[in-house]
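The values are calculated or read from the model by the stated rules, or taken from the named source; none is laboratory data. Values in this document were obtained by computation on a predicted structure and should not be read as measured data. Every residue, glycine as well, gets a Cβ built from its backbone with ideal geometry; the counts of neighbours run over all protein chains shown. The area values use the complete protein model at the heavy-atom level, side chains included, leaving out ligands, DNA and RNA. Shrake-Rupley method; radii C 1.70, N 1.55, O 1.52, S 1.80 Å.
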Amino acid sequence: MKAYRGKSVLHGIAIGKLYVIEKKESSWTKTTIADADREIARFQRAREEAQTELDELYQEALEQVGEENAMIFDVHKMMLEDLDYIEGVENRIRTEMVNAEYAVTVTGEEFSAVFSSMDDEYMKARAADVIDISGRVVKILEGREDAELHTKEAVIVLADDLSPSETIQMDKSKILAIVTKHGSANSHTAILARSLNIPSLVNTEIDITKDYHGKGAVVDGVEGVLYIEPDAQTLSVKEKEQAKIQENAEKLRLLIGKENRTKDGRTINLYANMGNVEDVDKVLLNDAGGIGLFRSEFLYLGREDFPTEEEQFTAYKEVVSRMEGKKVIIRTLDIGADKKADYFGLDAEENPALGYRAIRICLTRPEIFKTQLRAIYRASAFGTVAIMFPMIISVEEIRKIKGIVEEVRTELQKEDISYGDVELGIMIETPAAALLSDELAKEVSFFSIGTNDLTQYTLAIDRQNQKLEPFYDSHHPAVLKLIEMTIQNGHKEGIWVGICGELAADDTLTETFLDMGLDELSVSPVYILQLREKIRSL
């Protein structure tokens, strides 16, 4: 038996045979060409084919893992459309009279080096994306294929690394687990694996060879260990642990229809976060009490122009109608930072997380904002709808928002268009909002705390910067104090307070949140029953 330690992406245990993926390596060499125009045309054809592939991958990922996780393919497509990148490749072909494979590779490496040298961590992360898109174009130029599974039985995939496109294209019914030598728990591929509910290890201390192909193995996503040819005792122990995990999952299904009530009679609402219309199936399957965060950005991403009022109304109406009276809280668009759409015409920023995003766009471009609000209000006639506004920092912003909302309501009344009684709330994502929560609570019907941004802004730590991982503490006393302050100030003004960030699913904090008096937790649908069990045990 051999055991190799890795970093766990998703807890769970998988037992089966290994399937080693050996990627066909690039075989091109630098060559001198005679016709630059012909080579540039060849590059452009490959680039266009890559864009088509990325469009297809985006749609596939949208269906499988939702808008937020599908965004990587949209980002890659935008990079392929970058004029500096295109001109860099074409100029190299024309001035050096070299083949397209060489020009694409070298240009990609140069752009990647520029990104890597930047101080901003978001821009540094784009270095790997440039290499990825350049590799995709070269692959097409060479006629190579992505890594694929050719197996009739479900297997444990073992590879040096996998790209997001390779992960999303594999037949998920044939994957028991994924183990890679490289990668990190925050890589795009790891995020996709987590969203697909596939036990996975990354950064595993193993030298992969074809000899491992077909051998029996165990992936322990709880301990973060890969066992190859486990001995009888180890296999027996892991089979029992796997059975217990499966048994617990089946027990959780028995909680469908039960109340989220503690032993001493305290009830809390459990709602679901979702990113597109298709997610309603998961929300209903896991018996969520409502939708606590409906990310509306999916309507704006992966397209060439703004969605019309009618397009938005149709999407909102479908979700609201299918929820059959359960509350649906729609967050107004949170474009900006890492969520980009070219047609918004947003300038590049040195620090996008602190830049022109979310409500700041809506308040300075009210024509976009009013279109969305009209669509949401129209959909509210078909169920129970609330609206929450992201990245709030002042009372003045709320008053401006309410003024625009009143304009929309007046317009709809004049047009004899019906709408429901819509609650208005805000997200508490900035320390400023938490510290002013006593004043903000007088203006709205509810607070929803976005702990992801609140934590990074409070600690002054970019949560996507892996170098800062040892310093990032989502349980930091300062963060918890801001959460408690927000809850107390909300309750003083008679409004309810929830959490829709990642901390909502952290069951080590559930009792703490209940002690603080929290009214609602909104999490990914897969965590609903797990949290219900926790609440009922307290």
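Numbers at a glance
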read-out: Search result, residues across segment 101-120 that are surrounded by fewer than 18 Cβ atoms within 10 Å (Cβ to Cβ) and of a type in the set (A, V, I, L, M, F, W, C); value: Val106, Ala113, Val114, Met118
read-out: Residue match in segment 430-440 (condition: at pLDDT 95 or above, charged (D, E, K, R) and under 17 Å from Ile387 (Cβ atoms)); value: no
read-out: Out of Ser418, Ser394, sole residue that is among the polar types (S, T, N, Q), open to solvent by 40 Å² or more (accessible area, probe 1.4 Å) and at pLDDT 95 or above; value: Ser418
read-out: Residue, modelled with the highest pLDDT, within segment 125-156, restricted to residues that are among the basic types (Lys, Arg) and surrounded by fewer than 18 Cβ atoms within 10 Å (Cβ to Cβ); value: Lys152
read-out: All positions within segment 514-532 that are surrounded by fewer than 23 Cβ atoms within 10 Å (Cβ to Cβ) and either at pLDDT below 95 or assigned to a helix (DSSP H, G or I) (or both); value: Leu514, Asp515, Met516, Ser524, Pro525, Val526, Tyr527, Leu529, Gln530, Leu531
read-out: Selection count, segment 348-367, where residues are surrounded by fewer than 15 Cβ atoms within 10 Å (Cβ to Cβ) and modelled with pLDDT under 75; value: 3
read-out: Members of segment 307-322 found to be part of a loop (DSSP other than H, G, I, E, B) and in contact with a helix residue (DSSP H, G or I) (Cβ under 7 Å, 6 or more places away or on another chain), listed by number; value: Pro307
read-out: Criterion (on the phi < 0 side of the Ramachandran plot, touching a residue at least 60 places away in the same chain (Cβ under 8 Å), hydrophobic (A, V, I, L, M, F, W, C) and in a helix (DSSP H, G or I)) met by exactly one of Ile487, Ile535; value: Ile535
read-out: Some residue of segment 1-15 being in a loop (DSSP other than H, G, I, E, B), within 26 Å of the chain's Cα centre (by Cα) and either loosely packed, with under 15 Cβ neighbours inside 10 Å or among the hydroxyl-bearing types (Ser, Thr, Tyr) (or both); value: yes
read-out: Among residues of segment 442-472, those that are open to solvent by 60 Å² or more (accessible area, probe 1.4 Å) and either assigned to a loop (DSSP other than H, G, I, E, B) or modelled with pLDDT of 95 or more (or both), counted; value: 8
read-out: Matching strands (runs of 3 or more DSSP E) fully within segment 188-256 where at least 3 residues are closer than 20 Å to Asp161 by Cβ; value: 200-202, 225-228
read-out: Residue match in segment 202-219 (condition: without any contact (Cβ under 8 Å) to a residue 40 or more places away in the chain and surrounded by 16 or more Cβ atoms within 10 Å (Cβ to Cβ)); value: no
read-out: Any chance Lys400 is in contact with a helix residue (DSSP H, G or I) (Cβ under 6 Å, 6 or more places away or on another chain), open to solvent by 50 Å² or more (accessible area, probe 1.4 Å) and of a type outside the set (Val, Ile, Thr); value: yes
read-out: Residues within segment 407-441 that are out of contact with any Phe, Trp or Tyr (no Cβ under 8 Å at 6 or more places or on another chain), in a helix (DSSP H, G or I) and over 24 Å from Gly325 (Cα atoms), tallied; value: 10
read-out: Among residues of segment 473-503, those that are aliphatic (A, V, I, L, M) and surrounded by fewer than 16 Cβ atoms within 10 Å (Cβ to Cβ), counted; value: 1
read-out: Selection within segment 273-292 - hydrophobic (A, V, I, L, M, F, W, C) and modelled with pLDDT under 95; value: Met274, Val277, Val280, Val283, Leu284, Leu285
read-out: Enumeration of residues in segment 248-273 that are under 17 Å from Ala504 (Cβ atoms) and either more than 27 Å from the chain's Cα centre (by Cα) or open to solvent by less than 30 Å² (accessible area, probe 1.4 Å) (or both); value: Asn260, Thr262, Arg266, Thr267, Ile268, Leu270, Tyr271, Ala272, Asn273
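Here's the yes/no breakdown for (1) out of contact with any Phe, Trp or Tyr (no Cβ under 6 Å at 6 or more places or on another chain); (2) basic (Lys, Arg); (3) at pLDDT 85 or above; (4) surrounded by fewer than 21 Cβ atoms within 10 Å (Cβ to Cβ):
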| position | (1), (2), (3), (4) |
| --- | --- |
| Ala36 | yes, no, yes, yes |
| Gln44 | yes, no, yes, yes |
| Glu48 | yes, no, yes, yes |
| Leu54 | no, no, yes, no |
| Ala70 | no, no, no, no |
| Phe73 | no, no, no, no |
| Ile86 | yes, no, yes, yes |
| Ile93 | yes, no, yes, no |
| Asn99 | yes, no, yes, yes |
